[in-house]
Structure formats: structure tokens, C-alpha cells
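Values in this text are rule-based calculations from the coordinates and carry no lab data. Computed from a predicted structure; not experimentally measured. Neighbour counts are summed over all protein chains in view; Cβ atoms, including those assigned to glycine, are modelled from backbone coordinates with ideal geometry.
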Amino acid sequence: MNARLRAAGHELVLSDLNQLPDVEAFVGLPFIQCDVQAGFGLKRAIAGCDLLVSSAFARIFPGSAALVEKYGINIAQAKS
């Protein structure tokens, strides 16, 4: 997805709880460490952002939407 967004002229800022691996898809992109659940670093990561794409929940709990309630992760609400 990164390559397609970059090719279309979009500016990307990557963020994750952990430092990202040194792979081709991430070369030259700014990185901001943040924690989606705790809120650490989010304001900085989304400053000037038109769209936020998060795969955090899918990566942690693939195929199990029932865990949203168990862990109190809110992926349904967004503020514009």
C-alpha cells in the first residue's frame, strides 16, 4: 500500500509502537513512535493529517472482532 500511495503523490508518515524494520517499503518515510491504545504520540503522528489508516487491531487480533470488547479497544469511533 505504501508504494501505491507514494506513487499517487501522497505524503506518508509511518507510526508504530516499535521501531519499524529497515526494509524498502519504509525507506525515506518519516517515523513517529506512538501507542494507539495509550494515546502516546498520536497528536504528533496525525498533525496535518487528512487520513489515518490503522492496522494495529488486525495485526494484534486477526479475525477476532469479539476481542474488541474484551480489551476495550475502540476502533469504531473517529473524530473529524
Fill in: Rg(Cα)/(2.2 N^0.38 Å) for segment 2-53, N = residue count
1.15
Item to complete: Would you work out the relative contact order for segment 2-53, in percent, from Cα pairs under 8 angstrom that are 6 or more residues apart?
Response: 29
Worksheet item: What order, most packed first, do the peptides 37-45, 18-26 have when packing is the mean number of other Cβ atoms within 10 Å of each residue?
Response: 37-45, 18-26
Item to complete: Give, in nm to one decimal, the length gained when the segment between Ala38 and Ala7 is fully stretched (0.36 nm per residue of separation minus the Cα-Cα distance).
Response: 7.9 nm
